[in-house]
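One structure below.
The values are calculated or read from the model by the stated rules, or taken from the named source; none is laboratory data. It should be emphasised that the depicted structure is a prediction, and the values quoted were computed from it without experimental measurement. As a convention, Cβ positions derive from the backbone with ideal geometry for all residues, glycine included, and neighbour counts pool all protein chains shown. Surface accessibility is based on the protein's heavy atoms, side chains included, excluding ligands, DNA and RNA. Shrake-Rupley method; radii C 1.70, N 1.55, O 1.52, S 1.80 Å.
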Amino acid sequence: MKVIRLLLLCSLLLLQTGCWNRVELNDIAIISATGVDWENGKWVLTNQIVIPKAISGQAGGGRTAAVNVFSSTGDNFRIAISKASQESSRRLYFSHNQIVVIGQEAARKGFGPLLEAYLRNHDSRETVDVFLSKSTARLMLEQLMPLEQIPGAAIQRMIVNEEKNSSSYRQMTIHQVLMDLLGHTKATSIPGLALAGSEESTDKVEALSHTSTPSKVRLSELGLIYGDKLVGWISDEQSKGVMWLTNNVDKATVSFACSAEGKGREGSSARILHSSTKLKPQQRGDKWVMKVDIAAEGSLLESDCGGNLMKPEEVREVEQLVEKRIASIIADGWEAVRKNKTDVLGFGTQIYKQYPKAWKAMESRWKEEFPLMEIELTVNMKLSSTGMSGKSFKEAQKKPGL
Amino acid sequence: MTQTKKPALTPLSPSLRANVQAVNARFGGSSDLVVRLFRSDAAPERELGLLYLEGLVNTDVINESLLAPLMSMKLPPHMERKSDRLVEALRTSVVSIGGMKEAAALEEGLQQLTDGWCLIFIDGSTVALMAAVGGTKERAIGIPQTQTVIRGPQRGFVEELGTNISLIRRIIRTPDLHVQTHKIGTQTHSNVAVMHLHGVADQSIVKEVYRRLAAIDLDGILESGYIEEYIQDETFTMFPTLLNSERPDAVAAGLLEGRVAILVDGTPIALVAPTTFFSFFQSPEDYYQRFDIASFVRTIRYAAYVMSMLLPALYIAVTTFHQEMLPTTLLISLAAQREGVPFPGLVEALLMEMTFEVLREAGLRMPRAIGPAISIVGALVLGQSAVQAGIVSAGMVIVVSFTAISNFVMPENNMAATSRVIRFGIMIMAGMLGFFGIFISVLFVLAHLASLRSFGVPYMSPIAPGAKNSGLWRDVFVRAPWWSIMLRPLDMKLRNPRRQSSGRKPPAQRH
């Protein structure tokens with residue numbers, strides 16, 4: 001009897017409190033991407049909702065778009081989200097959000113409130129990737145992508161692929177952005193998205209039935225952020241320099257010309273397989289110099305330099321060409337960042353780490369001090385492989401005696 | 001010796017007719033009681049009576065070894081026709097049968113009759129002769145039906161106790177293998193044999209088994225399950241605290257480890273006690289195949305057991321509480337499957353689990369001839385069609401199927417059954433409280449397991465209480481090579497805990 005009574009009591013406990021945050025899979029709207037825009041003095045929050053039925057392999061897939069995009073406006077983020085229930089049948093579910101796109105307007109205005117919302121709410125993950133958009137964020141979310149069914153996930157995979165294979169941009173998660181902006185230099189860089197191709201946007205499923213889509217979302221330019229505002233853009237090439245300086249180059253392809261001055265057509269290329277950048281700030285008089293030490297290793301992909309690469313000294317010559325090219329990429333990037341007066345390179349942090357006292361004195365003037373810095377570059381390139389052939393194709397064609 | 005109140009014994013009468021009549025009366029004139037009255041050449045003036053129950057005896061033996069010598073016997077002259085001498089003479093020099101006894105009371109004779117002995121009354125004598133002429137038709141020793149192995153002996157127990165004991169004796173050939181037979185059941189008088197390896201098994205446990213068996217006062221013991229419920233340490237537990245097996249090699253292995261085996265007449269299932277939780281994960285085959293493979297398979301068995309208990313609950317918890325834990329693509333495909341499913345995840349899971357349990361039970365009970373029908377109904381109608389009709393999601397069917405299959409990995413069916421029942425409780429907890437509910441349930445089950453004992457041996461040993469001697473861990477989660485398993489596994493005061501001397505690792509042979 002006692003046991004039965006106890007069991008009854010226990011089941012009562014379950015019934016009283018159980019299930020309060022239970023939610024079925026078909027009661028949630030899985031969001032794959034969020035866009036933030038600033039329009040007419042209000043935040044416009046755009047959500048890209050996954051339509052699971054359209055994705056699963058069964059009949060019906062392919063005919064309809066796999067995602068639905070809708071916006072809601074409000075004075076702050078959470079009110080805009082809660083307004084979404086006026087037009088959505090299901091609860092918005094942010095845990096599987098892949099990317100956040102910040103429109104150019106919103107970025108210029110300052111996206112601090114977005115970061116605040118991300119820090120405060122448990123259902124928003126800090127592993128979400130952040131992008132800037134050259135136009136509105138909504139436009140980016142509306143684009144369909146070939147190969148992938150969920151555009152949000154596609155963009156996320158795009159940046160991962162880029163980071164891994166050519167290192168022009170790096171993946172910036174909300175977490176990373178927060179770390180940078182809450183750090184000493186209060187600056188960071190976020191890759192931008194732009195619509196390439198014709199003006200017509202790829203927001204219809206029919207557009208994907210052609211072999212080439214009229215327009216496509218691509219990574220384009222690096223946005224420099226100071227505080228929580230967009231300061232300026234730097235180009236793809238300059239972004240590469242930034243990546244080298246911030247030790248974010250993993251694998252990349254560097255093209256170079258054969259002449260010693262680095263002039264002429266860049267007919268050769270080398271693949272960087274591994275690289276590391278060491279930064280060492282030094283104070284010279286009242287000027288700060290950043291010593292940049294780069295050790296890279298890679299293999300030759302393509303060469304029109306002639307010569308016989310079976311000989312080590314000729315390989316060394318090619319290595320020097322690559323080193324020069326890397327140095328010039330870095331110098332370009334450095335100039336561009338310096339012009340924008342934004343320390344997205346983390347030089348300030350390096351100074352803080354090694355000369356905390358000097359940094360303290362300088363911290364308030366850093367925005368002025370930073371552009372006065374100089375860099376001293378040492379690049380050390382090692383070609384560990386020249387590929388399967390020694391001489392270049394043209395060289396091999398030249399028969400002796402002809 | 002097991003009955004507490006012994007009925008009063010009736011002494012035999014010197015009159016043959018009276019004795020036969022008394023037996024006949026006690027059997028209520030049963031038609032299978034055969035009474036054969038005859039006279040012997042040696043003592044033609046005295047009538048002899050042979051009684052037996054038809055079907056329990058071997059008539060060939062009666063004809064050749066009993067009736068023929070009795071009828072044609074010639075007594076040596078010194079053995080005159082004195083009645084007491086005659087009985088002695090018959091026993092020592094006439095009847096050529098191994099098992100012979102004398103009975104002075106009617107009840108003794110009746111008991112032996114039901115055991116398949118025959119009764120010989122001699123007119124004028126108050127002592128009856130009893131001869132073992134049993135020989136009923138028995139099922140031949142066959143392949144074990146429930147516990148199959150690929151490598152290993154293919155002999156299983158049968159229903160006859162004597163055969164079963166002999167099967168074990170044929171494996172452990174030592175006089176130290178002691179057998180004590182008890183008669184349990186006030187009506188069935190079933191023979192229950194308790195076996196142990198003298199000098200290895202803990203004597204106090206053997207005595208405890210005798211004591212618990214003696215306390216049984218049921219009218220009938222039809223299967224070892226009856227005994228199991230009487231002698232287990234804890235009734236209100238879903239976990240079996242006695243191992244059962246229909247494999248003589250498994251029982252012999254238990255005996256060698258210092259356990260006690262209990263065999264019941266009429267069933268091929270023997271009990272082994274004491275036992276621990278981990279014994280249920282050890283298949284006899286673990287010891288016959290290579291130790292590394294056996295360890296791998298055993299690990300899988302543990303994993304499958306956990307799966308069979310927790311998988312549906314985990315599925316419910318993840319899909320209704322913790323969607324953020326899933327990879328996005330998986331979440332989307334699960335969500336797509338759930339589109340249009342009318343029930344909440346918990347109801348869906350309970351529905352499918354119940355369906356499977358019904359199918360299982362039906363498959364077990366139905367006549368063999370309609371076997372294919374149930375597989376069609378089960379696999380096609382309930383599985384595929386339920387998904388197509390949108391009643392359950394495909395993911396749920398996969399989960400339920402995998403759960404069901406992992407349940408069959410267990411070498412011991414009764415342990416597998418436990419997880420089937422517990423699974424439902426955990427599912428409901430998961431449906432109400434998510435992972436938190438699963439956590440509480442698992443904690444509860446673990447605490448309960450740690451509280452159990454089997455004949456005084458902690459059920460979770462050697463884990464709880466943790467055995468300090470590393471030798472006791474070599475046959476728990478993995479099976480170490482034989483030469484390294486020096487100790488008998490039970491964490492108790494065994495008479496002889498070592499099963500081999502150390503340093504028996506075979507040296508590597510290099511040529």
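Tell me, please, whether a residue that is within 14 Å of chain A (Cβ to nearest Cβ), out of contact with any strand residue (DSSP E or B) (no Cβ under 9 Å at 6 or more places or on another chain) and of a type in the set (Gly, Ala, Ser) can be found in the stretch B:435-442.
Checking the stretch B:435-442: at least one residue is within 14 Å of chain A (Cβ to nearest Cβ), out of contact with any strand residue (DSSP E or B) (no Cβ under 9 Å at 6 or more places or on another chain) and of a type in the set (Gly, Ala, Ser).
Scan (1) small (Gly, Ala, Ser); (2) at the interface with chain B (Cβ under 9 Å from one of its Cβ atoms); (3) free of Cβ contacts under 8 Å to residues at least 12 places away in the same chain for the single condition residue A:95 breaks and write down its number.
(3)
What is the number of the single condition among (1) closer than 30 Å to residue B:241 by Cβ; (2) within 14 Å of chain A (Cβ to nearest Cβ) that residue B:271 does not meet?
Looking at each condition in turn, residue B:271 falls short on (2).
Matching residues to (1) open to solvent by less than 80 Å² (accessible area, probe 1.4 Å); (2) more than 12 Å from every other protein chain (Cβ to nearest Cβ); (3) not acidic (Asp, Glu); (4) not in a strand (DSSP E or B):
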| site | (1), (2), (3), (4) |
| --- | --- |
| A:3 | no, no, yes, yes |
| A:14 | yes, no, yes, yes |
| A:35 | yes, yes, yes, no |
| A:45 | yes, yes, yes, no |
| A:70 | yes, yes, yes, no |
| A:73 | yes, yes, yes, no |
| A:82 | yes, yes, yes, yes |
| A:106 | yes, yes, yes, yes |
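Can you find a residue in the stretch B:325-347 that is more than 14 Å from chain A (Cβ to nearest Cβ) and open to solvent by 20 Å² or more (accessible area, probe 1.4 Å)? Step through it out loud before you land on a result.
Of the residues in the stretch B:325-347, the ones more than 14 Å from chain A (Cβ to nearest Cβ) are none.
No; the residues of the stretch B:325-347 include none that is more than 14 Å from chain A (Cβ to nearest Cβ) and open to solvent by 20 Å² or more (accessible area, probe 1.4 Å).
Can you tell me which of A:326, A:330 is open to solvent by less than 20 Å² (accessible area, probe 1.4 Å), outside any strand (DSSP E or B) and closer than 26 Å to residue A:392 by Cα? Before you say what the answer is, go through the steps one by one.
On the way: A:330 fails: closer than 26 Å to residue A:392 by Cα.
Result: A:326 is the single residue among A:326, A:330 that is open to solvent by less than 20 Å² (accessible area, probe 1.4 Å), outside any strand (DSSP E or B) and closer than 26 Å to residue A:392 by Cα.
With respect to the numbered conditions (1) part of a helix (DSSP H, G or I); (2) within 14 Å of chain A (Cβ to nearest Cβ); (3) of a type in the set (Gly, Ala, Ser), which one is the sole condition not fulfilled by residue B:390?
The number of the failed condition is (1).
Within the stretch A:233-246, identify whether any single residue is at pLDDT below 90, out of contact with any Phe, Trp or Tyr (no Cβ under 8 Å at 6 or more places or on another chain) and not charged (D, E, K, R), and answer yes or no.
As a first pass, look at the stretch A:233-246 and keep what is at pLDDT below 90: none.
Within the stretch A:233-246, not a single residue is at pLDDT below 90, out of contact with any Phe, Trp or Tyr (no Cβ under 8 Å at 6 or more places or on another chain) and not charged (D, E, K, R).
Quick check, is residue B:113 outside the structural domain of residue B:247 (by TED's automatic domain parsing), crowded, with 16+ Cβ neighbours inside 10 Å and closer than 30 Å to residue B:270 by Cα? So that I can check it myself, show each step before the final result.
Working: outside the structural domain of residue B:247 (by TED's automatic domain parsing): yes; crowded, with 16+ Cβ neighbours inside 10 Å: yes; closer than 30 Å to residue B:270 by Cα: yes.
The answer is yes for residue B:113.
Looking only at the stretch B:274-333, filter to residues that are free of Cβ contacts under 8 Å to residues at least 24 places away in the same chain and not in a helix (DSSP H, G or I); which one of those is farthest from residue A:51 (Cα to Cα)?
Among residues in the stretch B:274-333 that are free of Cβ contacts under 8 Å to residues at least 24 places away in the same chain and not in a helix (DSSP H, G or I), the one farthest from residue A:51 (Cα to Cα) is B:290.
Conditions (1) within 14 Å of chain A (Cβ to nearest Cβ); (2) within 26 Å of residue B:401 (Cα to Cα); (3) in a strand (DSSP E or B); (4) among the small types (Gly, Ala, Ser), marked per residue:
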| site | (1), (2), (3), (4) |
| --- | --- |
| B:430 | yes, yes, no, yes |
| B:445 | no, yes, no, no |
| B:496 | no, no, no, no |
| B:500 | no, no, no, no |
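State the number of residues belonging to the stretch B:385-433 that are at positive phi and surrounded by 16 or more Cβ atoms within 10 Å (Cβ to Cβ).
Residues of the stretch B:385-433 at positive phi: B:390.
With the extra rule that they be surrounded by 16 or more Cβ atoms within 10 Å (Cβ to Cβ), the set shrinks to none.
Count: 0.
Can you find a residue in the stretch A:252-268 that is under 29 Å from residue A:390 (Cα atoms), under 23 Å from the mean Cα position of the chain (by Cα) and surrounded by 22 or more Cβ atoms within 10 Å (Cβ to Cβ)? Reasoning before the result, please.
Residues of the stretch A:252-268 under 29 Å from residue A:390 (Cα atoms): A:252-268.
Checking which are under 23 Å from the mean Cα position of the chain (by Cα) leaves us with A:252-255.
Adding the requirement that they be surrounded by 22 or more Cβ atoms within 10 Å (Cβ to Cβ) leaves A:252, A:254.
Yes, the stretch A:252-268 has at least one match.
Yes or no: residue A:75 in the same structural domain as residue A:145 (by TED's automatic domain parsing), free of Cβ contacts under 8 Å to residues at least 40 places away in the same chain and over 17 Å from residue B:339 (Cβ atoms)?
The answer is yes for residue A:75.
State all residues of the stretch A:360-398 that are over 30 Å from residue A:235 (Cα atoms), outside any loop (DSSP other than H, G, I, E, B) and not aliphatic (A, V, I, L, M); if no residue qualifies, say none.
Taking the stretch A:360-398 first, the residues over 30 Å from residue A:235 (Cα atoms) are A:360-361, A:384-398.
Among the residues that remain, those that are also outside any loop (DSSP other than H, G, I, E, B) are: A:360-361, A:384-385, A:391, A:393-397.
Result: A:360, A:384, A:385, A:391, A:393, A:394, A:395, A:397.
Within the stretch A:324-336, identify whether any single residue is touching a helix residue (DSSP H, G or I) at 6+ places or on another chain (Cβ under 9 Å) and of a type in the set (Lys, Arg), and answer yes or no.
Scanning the stretch A:324-336, I find no residue that is touching a helix residue (DSSP H, G or I) at 6+ places or on another chain (Cβ under 9 Å) and of a type in the set (Lys, Arg), so the answer is no.
For the structure I just gave you, tell me whether residue B:311 is among the hydrophobic types (A, V, I, L, M, F, W, C), open to solvent by 10 Å² or more (accessible area, probe 1.4 Å) and more than 14 Å from chain A (Cβ to nearest Cβ). Step through it out loud before you land on a result.
Details: among the hydrophobic types (A, V, I, L, M, F, W, C): yes; open to solvent by 10 Å² or more (accessible area, probe 1.4 Å): yes; more than 14 Å from chain A (Cβ to nearest Cβ): yes.
So residue B:311 passes the test.
Which residues, counting only those in the stretch B:173-185, are assigned to a strand (DSSP E or B) and under 16 Å from residue B:115 (Cβ atoms)?
From the stretch B:173-185, those assigned to a strand (DSSP E or B) are B:177-184; that's our starting set.
Listed by number, the residues that qualify are B:181, B:182, B:183, B:184.
Test residue B:144 against the criterion of being in contact (Cβ under 8 Å) with a residue 24 or more places away in the chain and open to solvent by less than 20 Å² (accessible area, probe 1.4 Å), and give yes or no.
Working: in contact (Cβ under 8 Å) with a residue 24 or more places away in the chain: yes; open to solvent by less than 20 Å² (accessible area, probe 1.4 Å): yes.
Judged against the criteria, residue B:144 is a match.
Find the residue count for the stretch B:149-172, including only residues that are open to solvent by 40 Å² or more (accessible area, probe 1.4 Å) and part of a loop (DSSP other than H, G, I, E, B).
Summing the residues that are open to solvent by 40 Å² or more (accessible area, probe 1.4 Å) and part of a loop (DSSP other than H, G, I, E, B) in the stretch B:149-172 gives 9.
If the requirement is being among the hydrophobic types (A, V, I, L, M, F, W, C) and either in contact with an Asp or Glu (Cβ under 7 Å, 6 or more places away or on another chain) or open to solvent by 50 Å² or more (accessible area, probe 1.4 Å) (or both), which of these qualifies: A:301, A:309?
Numbers: A:309 fails: either in contact with an Asp or Glu (Cβ under 7 Å, 6 or more places away or on another chain) or open to solvent by 50 Å² or more (accessible area, probe 1.4 Å) (or both).
Selected residue: A:301, the only one of A:301, A:309 that is among the hydrophobic types (A, V, I, L, M, F, W, C) and either in contact with an Asp or Glu (Cβ under 7 Å, 6 or more places away or on another chain) or open to solvent by 50 Å² or more (accessible area, probe 1.4 Å) (or both).
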